[in-house]
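Participant: After the structure tokens below, expect a handful of questions from me.
The values are calculated or read from the model by the stated rules, or taken from the named source; none is laboratory data. From a predicted model like this one, the values you see are computed outputs, not experimental measurements. Note: ideal-geometry Cβ built from the backbone for every residue, glycine included; neighbour counts use all protein chains shown. Calculation scope for accessible area: heavy atoms of the full protein, side chains included, ligands and nucleic acids excluded. Shrake-Rupley method; radii C 1.70, N 1.55, O 1.52, S 1.80 Å.
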Protein chains: 2
Amino acid sequence: MNIGEISKASGVSTKMIRYYEQIELIAPARRTESSYRMYSDSDVHTLRFIRGARDLGFSVEQMKTLLALWKDRSRASSDVKALALGHIAELERKAAAIEAMTKTLKHLVNNCHGDGRPDCPIIDGISKPVADDGHTLPSKFGLTHLV
Amino acid sequence: MNIGEISKASGVSTKMIRYYEQIELIAPARRTESSYRMYSDSDVHTLRFIRGARDLGFSVEQMKTLLALWKDRSRASSDVKALALGHIAELERKAAAIEAMTKTLKHLVNNCHGDGRPDCPIIDGISKPVADDGHTLPSKFGLTHLV
DNA sequence: TATAATCCTTCCCATGGTGGGAAGGTCAAG
DNA sequence: CTTGACCTTCCCACCATGGGAAGGATTATA
């Protein structure tokens, strides 16, 4: 199987397969004489696992751990469970942040008549006061690093 | 006011203030003879507005529009409302994606005894089948571009 | 078999917001 | 006049992903 074929079989783009190899998430593929990457059926399993893990929101770092646990037949299921629970907690933290934004926005929207007039509680409600101690909460708690 | 002072007054880091100037979200600041940036009280309002918008999850592009609407005293509030509603829809889409992940993960976790034994439904449940037509859904629907 | 189409390779670049830090200039307080 | 706290610009890193160019390999069709 070459990289295009395993890409279709696994649902992982060729770009990402090469990237995963580069960052050592997966082992370097064997090569043909003309340096084409060659894959086996078990590589398909690995990439499907990776695809599934990504779809569940695990980071590359977490996937490294997951793959190690996956391949370790003597792993303790409690280790896997702990990782999964940690990830769930993170997802819930992010969901809560999003929900807080949504709630505030909906509140503003509900108070905006939304017609041709310029008066708008949304615009007026966006500005945010700074804490008294001037202690600037890092903006990174916006959306960028949220998920 | 120099950049450090307005940073404290607005809750936007000096790094980000310079960045916002560079990408033309805000107008270039006037400079002292020694090329220090100088700010006025109205700049504080602008940056607090930006800070609030970021905290509500608006992107820089959306903020450009919001700032234009903010400064346009003859804007129609319906324009603002439409932007806000679009953003709410996006946030809800993201929340739904996160919730789907959480739901799946919780289901897997609930079926994992999580003891010293290697048997683990989480590991077994991660791998994801590919659609029959081999049509690979773009992985970008993972978490990276989700929020 | 010749040629075209489709693949593969590597390499560099862009994204979006944010922070880190270096090298050097400036300003204010002691 | 020194010291420390600021400011300036410039480059780098993050994370995961895609785009595309330049050139070689393979495959399919005429």
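Participant: Pick out the one residue from B:ARG54, B:ARG31 that is loosely packed, with under 12 Cβ neighbours inside 10 Å and not β-branched (Val, Ile, Thr).
Facilitator: The match here is B:ARG31.
Participant: Name the residues in the stretch A:50-87 that are touching a Ser or Thr at 6+ places or on another chain (Cβ under 7 Å) and over 21 Å from B:GLY116 (Cα atoms), would you?
Facilitator: A:ARG51, A:GLY52, A:ARG54, A:LEU56
Participant: Check B:LEU66, B:LEU85 and return the single one that is open to solvent by less than 10 Å² (accessible area, probe 1.4 Å) and either modelled with pLDDT of 95 or more or in a helix (DSSP H, G or I) (or both).
Facilitator: Answer to the check: B:LEU66.
Participant: Of all residues in the stretch A:23-38, how many are away from DNA strand D (no atom under 14 Å from the Cβ) and in contact (Cβ under 8 Å) with a residue 12 or more places away in the chain?
Facilitator: The qualifying residues number 1.
Participant: To continue, here is another question. Within the stretch B:50-89, take every residue that is within 7 Å of chain A (Cβ to nearest Cβ) and farther than 16 Å from A:GLY125 by Cβ and give me the one that is nearest to DNA strand D (Cβ to nearest atom).
Facilitator: Filtering first and then ranking leaves B:ARG73.
Participant: Which residue is nearest to the other protein chains (Cβ to nearest Cβ), if the candidates are limited to the stretch B:1-28 and must be within 18 Å of B:VAL60 (Cβ to Cβ) and more than 11 Å from DNA strand C (Cβ to nearest atom)?
Facilitator: If we take residues in the stretch B:1-28 being within 18 Å of B:VAL60 (Cβ to Cβ) and more than 11 Å from DNA strand C (Cβ to nearest atom), then B:SER10 is nearest to the other protein chains (Cβ to nearest Cβ).
Residue by residue, here is whether (1) loosely packed, with under 14 Cβ neighbours inside 10 Å; (2) out of contact with any Phe, Trp or Tyr (no Cβ under 6 Å at 6 or more places or on another chain); (3) at pLDDT below 70 holds:
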site	(1), (2), (3)
A:THR102	no, yes, no
A:ASN110	yes, yes, no
A:HIS113	yes, yes, no
A:ILE123	no, no, no
A:SER127	no, no, no
A:ALA131	yes, yes, yes
A:LEU137	yes, yes, yes
A:LYS140	yes, yes, yes
